[in-house]
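See below for the structure under consideration.
Computed from the coordinates by the stated procedures, all read-outs in this text should not be read as laboratory data. From a predicted model like this one, the values you see are computed outputs, not experimental measurements. When we count neighbours, we look across all protein chains shown, and the Cβ atoms used for this are built from the backbone with ideal geometry, even at glycine.
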Amino acid sequence: MTTHKPTIHKLLVANRGEIAERIIRSARALDIATVAVHSDPDADAPFVEAADEAVRLPGAAPSDTYLRADLIIEAARLTGADAVHPGYGFLSESAEFARACAAAGIVFVGPPADAIEAMGSKIAAKELMEKAGVPVLPGATVDDTAETDTGEIGTGEIDAAAVTAMADGVGYPLLVKAAFGGGGRGMRIVRSAGEIVDAVTAARREAASAFGNGTVFLERLVENPRHVEVQIFGDTHGTVVHLFERECSIQRRYQKIIEEAPSPAVDDALRSRLGDAAVAAGAAIGYTGAGTVEFVMAPDGEFFFLEVNTRLQVEHPVTEEVTGLDLVALQIAVAEGEPLPAEVRQARITGHAVEARLYAEDPAADYLPGSGTLHRFHIPDLPGIRVDTGVRDGSVIGTSYDPMLAKVIAHGRTRTEAARRLARALAEAELHGLTTNRDLLVAILREPEFLAGHTDTGYLTRHEPAALVGTPDEATVAVHALAAALADQASRRATARVQPVVPTGWRNVPGADQHAGYRLGDTDVDVAYRFGRGTVHAAVNGTPLDGVAVLRADAHGVDLRVGGVRRTIRVHHVGDTFHVDSVLGATALVERPRLPEPGLDAAPGSLLAPMPGTVVRVAAQAGQHVEEGAVIVVFEAMKMEHAVRAPVAGTVAELSVAPGRTVDTGDVLAVIEEQEG
């Protein structure tokens, strides 16, 4: 009797973070051994521990590690891996890498190199799709005929007149887009001829940095469209099917943050047309494996081809949740030569799924990415909730990679149920040590326009993040500050071996006033409290709190009654910061006195680097008069460009940086002397 053995015995995952863990999980379920590759910063990451074996890629920068095809193929040879799964990003859409795997006798879990190559250039892809009958938008390419060649693609001086003429031919408004890569990098909106040269220059520079190729093209902009994409799957037996659409319209800086399946704007008839177009696109390039055909959709339902992502998408879990399919397992099966099974060819939609991308970033500061130690990461295990993450308590978030912490996915019988489940899970999450976009995600999920399904790519233009999130509620801050003070005192009493505090134990505390001082952003929060018989007399910033009673207190939180309402409040003390979580929300209170902040001793008017990065452009000169909001310095961090602007009108008294210089948080970039009067 013979037994069937899988073609793939050992799978190397050429990626990192949550997607590496996700792939390893499916491979283990198929009894396939796994190999992780990791950079130095990722040496202790959860995905490395999850794999059966791991190989170090020396260095930190992607160009030295996860983008080194030669090192990854050598790691496969070293461990005996007979297949490579590229995940998404990095080498996942590199035809050269797919061919290198084939040359080394390694199975590439993805589409053929020719299909990747056909879709690798958005320009060539549009031409091919147009021939296949898929609707496309008008556009033009900024190619070598419109630049001074410096020997590197897409980085020379551009011919301003030629570019302006191209833009006039496409018509305004238009988008400048990177021809290679995606994720919003190398993309700019242009509304008039006066903006086109600067936009193309900046987009080319950003695209060259992110993708190694600065070629860009111009494309007619559809104002506030929906971003709808279709999951396709092909096998090596000539079958291509679609697994329905995903709505990805909630975006910031051209990157998706909330995705869902199915789209609330797509009915059965439109779904059929979208699916047919997506399958035609896949068939035109002989597609196999998992891919995504992206469309821009106008308010009247008319849709146009954007691109084909020849890989697994970040948002694939919502499709998995509504179809019950494991897309990674299907990728492996296709790579082994299996035909698509009946459950794929006859897939149906069940319920609704919504995914939120949880990032270490500050929406109030133009989504500035954050870095540092994630002291606590906990998302409650609630019904219908799935968490795909590559972090845990103590994970260090650096500046070399995308700052996404996790994808949190909710599945429900209806769209409303899924959105509510997701909002609750995020609201109850404990995320300590870094600023995140959690509050913005929760606000969107609870906002009436979103719940009504009225979403498009202009959603976060109509809804300012600050207005959605709102300001901290004074009553919440007061209760949380008191809880922090009480938990801190309980911790100190425990350290001093005083009997743990219980309701009756408070009588042993001296009746003298106790004080605690914190900072919340730019605001001082002062707490004063005194214990009486079974009660606590407390005031925050001089305002008394009514009816305070402490039912339990320890270093981890308090069971507190204020104004007749009892709440359990969790407190996590790290360094000088008290992270306080309750049903009221989350507050991070910094104990005073604080250590000096970076740049505290800088001269008045100093512009400071908000995070580590590399200066790519200095837009002003010493002695120049600048208006409020004028761009002074542009630096790159986490593969994105960030502009530092003049906070007031004045004169540039000092410029401390030049292009190419690496800066750290708090470094002085320039000094602006404010204009009097």
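Please state the charge dipole magnitude for the chain, taken about the Cα centre, from unit charges on C-beta atoms (+1 on K and R, -1 on D and E), reported in debye and rounded to the nearest 20. Let's see the in-between values first.
Numbers: 61 positive and 93 negative charges, 494 e Å.
Charge dipole of the chain: 2380 debye, to the nearest 20.
Relative to the longest principal axis of the Cα atoms of the chain, helix 122-131 runs at roughly 50 degrees. On the principal axes of its alpha carbon atoms, region 394-455 extends 37, 20, 16 Å, with the longest extent given first.
With a cut-off of 12 Å between beta carbons, the residues surrounding GLY384 carry a summed charge of +2, where Lys and Arg count +1 and Asp and Glu -1. When each of the peptides 576-588, 287-299 is scored by how many other beta carbons lie within 10 Å of its residues on average, the order from highest to lowest is 287-299, 576-588.
Below 12 angstrom from the Cβ of PRO262, what's the summed charge of the other residues (Lys, Arg +1; Asp, Glu -1)?
Values: positive: ARG246, ARG271, ARG348, ARG415; negative: GLU229, GLU245, GLU247, GLU259, GLU260, ASP267, ASP268, GLU321.
Summing Lys and Arg as +1 and Asp and Glu as -1 gives -4.
Can you tell me the relative contact order of region 10-109? Whole percent, Cα pairs under 8 Å, sequence separation 6 or more.
On the way: 180 pairs, mean separation 29.7, N = 100.
Relative CO of region 10-109 lands at 30 percent.
Between ALA553, SER263, VAL387, the Cα set farthest toward the positive side of the dipole of the chain (charges on each charged residue's Cβ, about the Cα centre) is that of ALA553. Applying 0.36 nm per residue to the separation of GLU428 and HIS556 and subtracting their alpha-carbon distance, the gain on full extension is 44.5 nm.
Look at where the Cα atoms of region 67-128 and of region 331-356 average out, and the two centres are 22 Å apart.
Taking region 342-371, which trypsin sites (Lys or Arg not before Pro) meet the DSSP loop condition and have no more than 10 other C-beta atoms within 10 Å?
Values: sites: ARG345, ARG348, ARG357; in loops: ARG348.
For trypsin sites (Lys or Arg not before Pro) across region 342-371 that sit outside H, G, I, E and B with at most 10 neighbouring Cβ atoms in 10 Å, the list reads ARG348.
Find the Cα radius of gyration of region 10-109, compare it with 2.2 N^0.38 Å by division, and give the number to two decimals. This ratio for region 10-109 stands at 0.94. Computed from the C-beta positions of GLU157 and ASP31 and an R0 of 41 Å, the FRET efficiency is 0.15 to the nearest 0.05.
Which order do the peptides 129-140, 46-57 take when ranked by the mean count of other beta-carbon atoms within 10 Å per residue, highest first? Display every interim value, and only then the final one.
Details: 129-140: 15.9, 46-57: 19.0.
Ranked by mean Cβ neighbours within 10 Å, highest first: 46-57, 129-140.
Taking a Cβ cut-off of under 12 Å around ASP559, the surrounding Lys, Arg, Asp and Glu residues balance to a net charge of +4, with basic ones at +1 and acidic ones at -1. With both labels modelled 7 Å from their Cα along Cα-to-Cβ, the ILE189 to GLU673 distance reads 3.8 nm.
So between ASN224 and ARG567, what do we pick up on full extension, going 0.36 nm a residue minus the alpha carbon distance?
Details: separation 343, 0.36 × 343 = 123.48 nm, distance 4.28 nm.
Length difference between fully extended and current span is 119.2 nm.
Based on Cα contacts under 8 Å between residues 6+ apart, region 417-477 shows a relative contact order of 33 percent.
Pairs of lysines in the chain whose Cα atoms sit within less than 23 Å of one another amount to 12, provided the residues are eight or more positions apart or on different chains. Taking every DSSP bridge with both residues inside the chain, close to 90 percent are antiparallel.
If one takes the longest principal axis of the Cα atoms in the chain, at what angle in degrees, from 0 to 90 and to the nearest 10, does the Cα axis of helix 474-495 lie? Its long axis makes an angle of about 70 degrees.
Its relative contact order, with pairs defined as Cα atoms under 8 Å and 6+ residues apart, puts the chain at 9 percent.
Which Cα, out of ALA427, ALA620, MET640, lies furthest along the positive dipole direction of the chain (beta carbon charges, K/R +1, D/E -1)? Of the candidates, ALA427 comes out farthest on the positive side. Label sites at ALA280 and ASP664, each approximated as a point 7 angstrom past Cα along Cα to Cβ, lie 5.8 nm apart. Secondary-structure-derived ellipticity at 222 nm for the chain, considering helices only, amounts to -7500 deg cm²/dmol, per-run term -39500 (n - 2.57) for DSSP H runs with n ≥ 4. Going through [x] 41, 30, 21; [y] 45, 33, 25; [z] 55, 31, 24, the figure that equals semi-axes √(5λ) of the Cα gyration tensor in Å as computed for the structure here is [y]. Reported to the nearest whole Å, the Cα centre-to-centre distance from region 413-489 to region 607-677 is 32. In terms of its Cα atoms, region 606-674 spans 31, 18, 18 Å along the principal axes, sorted from long to short.
On the beta carbon distance between THR471 and VAL648, with R0 = 25 Å, the FRET formula returns roughly 0.60. Length available on full extension from ALA342 to THR461: 0.36 nm per residue minus the Cα-Cα distance, which gives 38.5 nm.
Of the GluC sites (Glu not before Pro) in region 185-231, which ones lie in a loop per DSSP and count no more than 15 other C-beta atoms within 10 Å?
Details: sites: GLU195, GLU206, GLU219, GLU223, GLU229; in loops: GLU223.
The qualifying sites are GLU223.
Amide H contacts under 5 Å for ARG617: VAL634, restricted to partners 5 or more places along the chain or on a different chain, H placed in the peptide plane at 1.01 Å from N.
Computed from phi, the 3J(HN,Hα) profile of region 572-587 under the Karplus parametrisation 6.51, -1.76, 1.60 (θ = phi - 60°) reads 10, 9, 10, x, 9, 10, 9, 8, 10, 10, 7, 4, 6, x, 10, 9 Hz, with x in place of Gly and Pro.
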